[in-house]
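Undergrad: Have a look at this one before I ask anything.
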Amino acid sequence: MKFIRPLLLVAITLCFVTKSFSQKGNIRITNSINIGGGITQFNIDTDNFETKSAQGFLAGTAAIVDLPHKFYNMSFGLQLSENHIEILGRPSLISSEEAYIDYKIFAAQFALLMHIKVIPKHFTIDIGPMLQYNSRLEFDDKGQDDYYIANYTNLSAKDITSISQFNFNGAVGASVGINNFKFKAQYIYGFTNILNKIENQSLDFSGGDSRFKGNQNMLVLGAIVMF
């Protein structure tokens, strides 16, 4: 996935809102931008597969509206991530040996967050909705593309790569630090069924459940710098 162009577009747009002031009531409203990154722990909660979470990485930027007369600030931002997940499978159709298949997934997440000021300028609780566009599941190890999925008789590792690419998430987290530098922890949960597209394909689901349901979850640990 090539996310360079949308990231540059958002970054350039945010540069135009670096500082602004409100004259009404002599209340100063300051806009700023932040740039940050971190590590991710990604998984899909599902009864169809046996999964294991794995680490990835994330980078992003956001525009923040500082509202000194409110108990919260608001931000709109974009996060780009490469995430990894392991799904149990077997090397061949008739093999009794099992091994985890390594997949990766790229995602662009557009978030509108409220930052509740627990300790103004130092500690906030961050919560809000998130719209996500993601890639299909891709093989981290090309040598595993002929594997088969555990719990199914004839479902190959390639059959489950076409997951739903538009998803709606909720995010909750916290940021703590000094004025221009903060550590960030965020938990993201997918409200939509990311495996829904698999069910709509003409595949052999013998040996397992033909109804597919899965909700992604992602833990992010990182840091942000504000300008």
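The values are calculated or read from the model by the stated rules, or taken from the named source; none is laboratory data. Worth saying up front: this structure is predicted, and the values here are computed from it rather than measured. Note that each Cβ is placed from the backbone with ideal geometry, even for glycine, and that neighbours are counted across all protein chains shown. To get the accessible areas, we keep the full protein, side chains included, count just its heavy atoms, and leave off ligands, DNA and RNA. Shrake-Rupley method; radii C 1.70, N 1.55, O 1.52, S 1.80 Å.
Undergrad: Within the stretch 122-147, which residues are more than 26 Å from Phe168 (Cβ to Cβ), of a type outside the set (Ser, Thr, Tyr) and touching a Gly at 6+ places or on another chain (Cβ under 9 Å)?
TA: Selection gives His122, Phe123, Gln144.
Undergrad: Keeping to the stretch 213-227, report how many residues are within 11 Å of Ala185 (Cβ to Cβ) and surrounded by fewer than 18 Cβ atoms within 10 Å (Cβ to Cβ). So that I can check it myself, show each step before the final result.
TA: Of the residues in the stretch 213-227, the ones within 11 Å of Ala185 (Cβ to Cβ) are 219-223.
Within this subset, residues satisfying the condition of being surrounded by fewer than 18 Cβ atoms within 10 Å (Cβ to Cβ) are 219, 221, 223.
Qualifying residue count for the region: 3.
Undergrad: Another one. So how many residues does the stretch 152-196 have that are surrounded by fewer than 16 Cβ atoms within 10 Å (Cβ to Cβ), more than 24 Å from Gly60 (Cα to Cα) and not small (Gly, Ala, Ser)?
TA: Qualifying residue count for the region: 4.
Undergrad: Given the options Ser175, Ser162, name the one that is more than 30 Å from Ile94 (Cα to Cα), modelled with pLDDT of 95 or more and among the polar types (S, T, N, Q).
TA: On the way: Ser162 fails: more than 30 Å from Ile94 (Cα to Cα).
One residue alone meets the criteria, Ser175.
Undergrad: Would the stretch 31-46 turn up any residue that is open to solvent by 40 Å² or more (accessible area, probe 1.4 Å), closer than 19 Å to Phe123 by Cα and part of a strand (DSSP E or B)?
TA: For the stretch 31-46, residues open to solvent by 40 Å² or more (accessible area, probe 1.4 Å), closer than 19 Å to Phe123 by Cα and part of a strand (DSSP E or B): present.
Undergrad: Same structure, new question: Pick from Leu131, Leu113: which is in contact with a Pro (Cβ under 9 Å, 6 or more places away or on another chain) and either in a strand (DSSP E or B) or of a type in the set (Phe, Trp, Tyr) (or both)? Don't jump to the end; show me each part of the working.
TA: On the way: Leu131 fails: in contact with a Pro (Cβ under 9 Å, 6 or more places away or on another chain).
That would be Leu113, the only listed residue that is in contact with a Pro (Cβ under 9 Å, 6 or more places away or on another chain) and either in a strand (DSSP E or B) or of a type in the set (Phe, Trp, Tyr) (or both).
Undergrad: A further question on this structure: If you scan the stretch 111-147, which residues turn out to be basic (Lys, Arg), open to solvent by 60 Å² or more (accessible area, probe 1.4 Å) and modelled with pLDDT of 95 or more?
TA: Result: Arg136, single match.
Undergrad: Which number in (1) assigned to a loop (DSSP other than H, G, I, E, B); (2) open to solvent by less than 30 Å² (accessible area, probe 1.4 Å) marks the one condition that Leu93 misses?
TA: Unmet for Leu93, out of (1) assigned to a loop (DSSP other than H, G, I, E, B); (2) open to solvent by less than 30 Å² (accessible area, probe 1.4 Å): (2).
Undergrad: Could you check the stretch 39-89 and list, in sequence order, the residues that are farther than 16 Å from Lys184 by Cβ, touching a residue at least 60 places away in the same chain (Cβ under 8 Å) and aliphatic (A, V, I, L, M)?
TA: Across the stretch 39-89, the qualifying residues are Ile44, Ile87, Leu88.
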